[in-house]
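Notes for the one structure printed next.
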Amino acid sequence: MSNNRQDFNVSGRLALGPGEYGNLHFSGSGRLTGDITCTSISSSGALTSEGSIDCEEQIKCSGAFHCKGSVRTKALGCSGSTHIDGGLETGKLECSGSVKIDGSCSGESIETSGSLAVKGSLEGKSLDVSGSVKVGKSVKMEIIDTQGSVSIGGDCEAERFISAGRLDISGLLNAGEIKIRLSKADSRIADIGGERIEVRRAARSGIFDFNPYRGTLDAGSIEGDDIYLENTKARNVRGTRVYIGSRCEIDTVEYTGSFEKDADAVVKNLVKVGSGADIQ
Amino acid sequence: MEEALITKKELLELTGISYGALYRWKRKNLIPDDWFIHRATFTGQETFFPREKILERVEKIKELKDSMSLDEIAEIFNPKPRAVSLTPGEIENLRIASENALELFIRGKTDAGPFSFEQSVEIRLLDKILKSGAIDGSDALSAAELAGEVLRSVEKESVKLEIYKKQGVAFSLVTEEAGILFTDRTAEKAASFSLAQITAELKQILDRI
């Protein structure tokens, strides 16, 4: 552990050059003019970095933070507004404000109650969203748990995908367990593939909700082992055990094991295929 | 010349696997993404696969999945070494291999480290060979070296090392992981080591630090 690193406490304006630092505190306006390595950063003012930041411990920002390079840190906590022109590599990301990343983001544990926007791709272990998340390219996580709005420009992969809120996924949603609770606004997912797939309509929001059944999912193909759908419009649904619930409109259902549908569900073509898959 | 293709539906029917299994194997990289070929047909969008390659791959996965984890199987088809540099001290402390194996390796190769990922795999393999008691000393070292060499030269699949004994003489064979070996019936298989498993173990150890 280098003990030559200087700590800085800035309450006015200060520009620091490239190099190695210890713990940096900014309550005024700070400027990092080059690439730095540091122990920790905390900023409640305005902090701008012209270069990249390699932080050993954590970066906490409650003000405005703009990094023109990339950020690598053990943890990033943002309750203000953070903008990273490059990429973010972090162990933990906690965002209750707004985080914008122009590159890609990798984080073991990513939590946002604010808004997270990543132009590149997002990967890590767990993604917990109670605000909004927008990813330009693909998402690859182990667990995704969202209660807000999710927009993904590419494919999305996870072992578990649990969501309540509006979804807009332009690629393939491929997850072992998929549990979707739709919102009153319409959702769209290009294709869905997985083992257990469950899509349920939005919950009724009180006695004055005069249109309680609105909010549908528009999908291309939905393929899995156990499929349960409500309020879903899809071209093809293929699976082992398929249940098409109310307010669904499906062009073709192909099943190998069992099929059931609600009285008001529309299934234009029904095909029983093969003798049931043995290996699941 | 275009390769023969097979539809996703045909694939599932022929192999008896379910949609869930196919998507799970795709997630775990057991089936490369670029084998999923999307084409427009008169029925809409359909997914196709290169026929021979996918049928062979699915059969191999079906064979291995009861004895190996999906991550270990993924290692077989995507052998991906890591950029690491480990000193002998680190190899011992992380329990990648015992002192015996390390010493044998260092003496035999006159290389005191630090060691690359591939070398660490070889050292761990050597450790397992010594612990199995099938062969020892310079025979064990040559067997580990052979496996390392073959692994580096075969790109598409990981390998396994098998040690057979016949009338007190031991010999080592290295073959593709999912390959089948037919030997003289009087030869006895003394030990078998999966390089894919060892590579996966090493990665797990490195991930934990």
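The values are calculated or read from the model by the stated rules, or taken from the named source; none is laboratory data. Remember, it's a predicted structure, so these values are computed and weren't measured experimentally. Glycine also receives a Cβ, built like all others from the backbone with ideal geometry; neighbour counts cover every protein chain displayed. Note: accessible area is taken over every heavy atom of the protein model, side chains too, but ligands, DNA and RNA are not part of it. Shrake-Rupley method; radii C 1.70, N 1.55, O 1.52, S 1.80 Å.
With contacts taken as Cα pairs under 8 Å at a separation of at least 6 residues, chain A carries a relative contact order of 6 percent.
In chain B, the sites counted are GluC sites (Glu not before Pro) in DSSP loop states with at most 15 other Cβ atoms within 10 Å, and the longest stretch holding none of them, exclusive of the sites, is B:4-154.
Taking every alpha-carbon pair under 8 Å whose residues sit at least 6 apart, segment B:1-132 reaches a relative contact order of 20 percent.
Only Cα pairs under 8 Å and at least 6 apart count here; give the relative contact order of segment B:72-209 as a rounded whole percent.
Over segment B:72-209, the number comes to 26 percent.
Annotation: amide H-H contacts under 5 Å for A:Glu223 (H modelled 1.01 Å from N, sequence separation of 5 or more, or interchain): A:Ile192, A:Gly193, A:Gly194, A:Arg238.
Take the alpha carbon gyration tensor of segment A:1-101, find the square roots of its eigenvalues, order them as a ≥ b ≥ c, and report rounded if a/c is under 1.5; if not, report prolate when a/b exceeds b/c, else oblate.
Rounded shape, in that the Cα axes give a/c under 1.5.
Note down the net charge around B:Asn93, summing +1 for each Lys or Arg and -1 for each Asp or Glu among other residues with Cβ under 15 Å from its Cβ.
That sum, taken over residues with Cβ under 15 Å, equals -1.
Only protein atoms count toward the accessible area here, which uses a 1.4 Å probe; on the protein assembly as shown, the carbon and sulfur part of that area reaches 47 percent.
With springs only between Cα atoms under 10 Å, which of A:Val267, A:Val71, A:Val139 fluctuates most in a Gaussian network model of chain A? Of A:Val267, A:Val71, A:Val139, the Gaussian network model singles out A:Val267 as fluctuating most. Using only the Cα atoms of segment B:54-209, build the gyration tensor, take square roots of its eigenvalues as a ≥ b ≥ c, and label the shape rounded, prolate or oblate: rounded if a/c is under 1.5, else prolate if a/b is larger than b/c, else oblate. Taking the square roots of the gyration eigenvalues as a ≥ b ≥ c, segment B:54-209 is oblate. Gyration tensor analysis over the Cα atoms of segment A:205-280 returns equivalent ellipsoid semi-axes of 26, 12, 10 Å (largest first, whole Å).
Taking both sides together, the accessible area buried where A meets B is about 1700 Å² for a 1.4 Å probe. Comparing each chain alone with all protein chains together (probe 1.4 Å, DNA, RNA and ligands left out), the residues of segment A:154-189 losing at least 30 Å² of accessible area are A:Glu157, A:Glu159, A:Leu172, A:Asn174. Ranked from largest, the principal axis spans of the Cα set of segment A:81-224 equal 45, 35, 19 Å. Taken residue by residue and averaged, Cβ atoms of other chains lying within 10 Å of the Cβ of B:41-47 number 3. Of the chymotrypsin sites (Phe, Trp or Tyr not before Pro) found in segment A:192-241, those in coil by DSSP whose Cβ has at most 10 other Cβ atoms within 10 Å are A:Phe208, A:Phe210. Once you have a ≥ b ≥ c as the square roots of the Cα gyration tensor eigenvalues for the protein assembly as shown, tell me rounded if a/c is under 1.5, and otherwise prolate or oblate according to whether a/b is larger than b/c. Note, shape of the protein assembly as shown comes out oblate. Calculated accessible area for the protein assembly as shown comes out at 47 Å² per residue, all protein chains present (probe 1.4 Å; ligands, DNA, RNA ignored). Here segment B:56-82 and segment A:167-188 have alpha carbon centers that stand 30 Å from each other.
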